[in-house]
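Q: I'd like to ask you about the structure that follows.
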Amino acid sequence: MEVHRLLVTGFPGWLTTRLLEDLLARPPAGLREIVCLSEPEVAVRLPAAGEIGVRLVRGTLGDERALESAVAGCDAVIHAAGLVHVRRTSDWYRVNTEGTRALLAAALRGGSLRRFVLVSSNAAAGRAARSGVLLREDMAEEPLSHYGRSKLLAERIVLAEKAAAEVVVLRPCMFYGPPVPPRHVEIYRRIVSGRMPLVGDGRYDRSVTYIGHLVEACRLALLHPRAPGEVFYIADREPCTTREVVEAMAEALGVEARYLRLPALAARVAFAVDRMAASAGIYLQPVHLLGEADWNVGVSVDKAVELIGYDPKTSLREGMRSAVDWCRAQGLLDRG
């Protein structure tokens, strides 16, 4: 597929900042303009005008006028805007679910849309039954959080429009790599200070996604002829464990991994508390994250590899080194 005018939502962000840089450095054939939809209060620095024009539209997914302006003339959309952490659980449905519905409806009304790529989450599917079982796209989805359910409902809204547009759903796992957000800088600081919590033995299956791999997956979802109508897990090629992720971070930081050990029971108690809070519409971020700490959430990327040529080459340790190097270059961590 040839894209002429592309809308990217959720700019600036961890993914979208890196994606915009990549699209401008390696523009797809025919691309003339990238439109970025940004929240009104967010500071934005757009790149200097070059061969590819970049236009900024200020507004939210609940602003119909802003959506109409953003989608005007766009033949493709990469929808990456969404909420991960909130104050009330209803915010996930308002933004992740209904915001997707509003954006897609506006794009279809505009009459130019050919392809719509939704950046969802592996949380839409829940967790594996046990260690060693990798989640695959043909398995039944059982989200265990309101966040995951809001993403699954968004996926269903998008996939229901297969007849009207070429729709693609990506399910990335936890991102890592530059540009690194503050919450991950804080994790690196915890590891340096020896205050990194570890639940149980830390040998729970995890898939993580180097940001460069996700950028490449977005390009493939946007351009590959076999992508439409499909859902793809996006992650590094090989799953790992929680302990291996921490050890890769520690190695990149040049320190020994030391832990604040918590019993596995702590995660189960936190999950129960999180469910009770969620039933009242309340989100307690530390409790929620602890409640997921004993889940097995490894995924298979075989479908993306075989169908659209996804090729995640960067190893976990290489990716963590690039993240730490970026943090040090920005003065966010002491040099080691």
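Q: So is SER121 in contact (Cβ under 8 Å) with a residue 60 or more places away in the chain and among the polar types (S, T, N, Q) or not?
A: no
Q: Out of contact with any Cys (no Cβ under 9 Å at 6 or more places or on another chain) and within 19 Å of TYR204 (Cβ to Cβ) - does that describe any residue in the range 304-311?
A: There is no residue in the range 304-311 that is out of contact with any Cys (no Cβ under 9 Å at 6 or more places or on another chain) and within 19 Å of TYR204 (Cβ to Cβ).
Q: Still on this model: Find all pairs meeting these conditions: Cβ atoms under 7 angstrom apart; at least six residues apart or on different chains; first residue within the range 207-219 and closer than 24 Å to ILE34 by Cα; second residue part of a strand (DSSP E or B) and open to solvent by 10 Å² or more (accessible area, probe 1.4 Å).
A: So the pair list comes out as ILE211/PHE175; LEU214/PHE175.
Q: Give the range 102-113 a look and list any residue that's outside any loop (DSSP other than H, G, I, E, B) and exposed (fewer than 15 other Cβ atoms within 10 Å of the Cβ), or say none.
A: Just the residues of the range 102-113 that are outside any loop (DSSP other than H, G, I, E, B), to begin with: 102-110.
ARG109, the sole residue that qualifies.
Q: Related question: Would you be able to say whether some residue in the range 325-336 is open to solvent by 20 Å² or more (accessible area, probe 1.4 Å), at pLDDT 95 or above and under 25 Å from VAL199 (Cβ atoms)?
A: no
Q: Separate question: Exactly one of these conditions fails for VAL35: (1) closer than 23 Å to MET174 by Cβ; (2) outside any loop (DSSP other than H, G, I, E, B); (3) free of Cβ contacts under 8 Å to residues at least 40 places away in the same chain. Give me its number.
A: (1)
Q: In the range 114-133, what residues are under 30 Å from HIS4 (Cα atoms), within 19 Å of the chain's Cα centre (by Cα) and assigned to a loop (DSSP other than H, G, I, E, B)?
A: SER120, SER121
Q: Quick check on the range 239-277: of everything there that is surrounded by fewer than 17 Cβ atoms within 10 Å (Cβ to Cβ) and among the small types (Gly, Ala, Ser), which residue is nearest to TYR147 (Cα to Cα)?
A: The qualifying residue nearest to TYR147 (Cα to Cα) is ALA277.
The values are calculated or read from the model by the stated rules, or taken from the named source; none is laboratory data. Keep in mind it's a predicted model, so treat the numbers as computed, not measured. All Cβ positions, glycine included, derive from the backbone under ideal geometry; neighbour counts span all protein chains shown. Surface accessibility is based on the protein's heavy atoms, side chains included, excluding ligands, DNA and RNA. Shrake-Rupley method; radii C 1.70, N 1.55, O 1.52, S 1.80 Å.
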